[in-house]
Amino acid sequence: MKVREGLPLVAVLLALLLAAQDASAQALFRREDDARRTCPGDEVVWISHPYHIYHRRGAPAFGKGPGDYACLRDARRSGARPDRLRDPYAPGTLPTPR
């Protein structure tokens, strides 16, 4: 009987684990075209893997080094940080004085 008492708890824990994996999952692409097809209406960014920093199109590091393409919203959801040195529109970046 004790096994049956623990089954609902196991089911709840399993459901929470699967939900957490879905929330942190993101679609990564080796080719920019594949990412663009998956991200209509969203910007495609390059996520560099060693540092988990995303680079926008036009940045010198876009598409270079070890990394993958992803949708901007997925990159932000996964915790990737913007390249603050080269992205003037990154959240928390101060505008450059003129």
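Per-structure values
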| read-out | value |
| --- | --- |
| Radius 12 Å from Cβ of VAL44, net charge of other residues (Lys, Arg +1; Asp, Glu -1) | -1 |
| Alpha-carbon Rg/Rh ratio, for the stretch 26-82, with Rh computed the Kirkwood way | 0.90 |
| Cut-off 12 Å between beta-carbons: net charge of the residues surrounding ARG31, Lys and Arg +1, Asp and Glu -1 | -1 |
| For ASP68, distant residues with modelled amide H under 5 Å away | ILE47, HIS49 |
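Where a number appears in this text, it was derived from the coordinates with a stated rule and is not lab data. Predicted, not measured: the structure shown is a model, and the values here were computed from it. For neighbour counting, all protein chains shown are included, and Cβ atoms are generated from backbone atoms with ideal geometry for every residue, glycine included.
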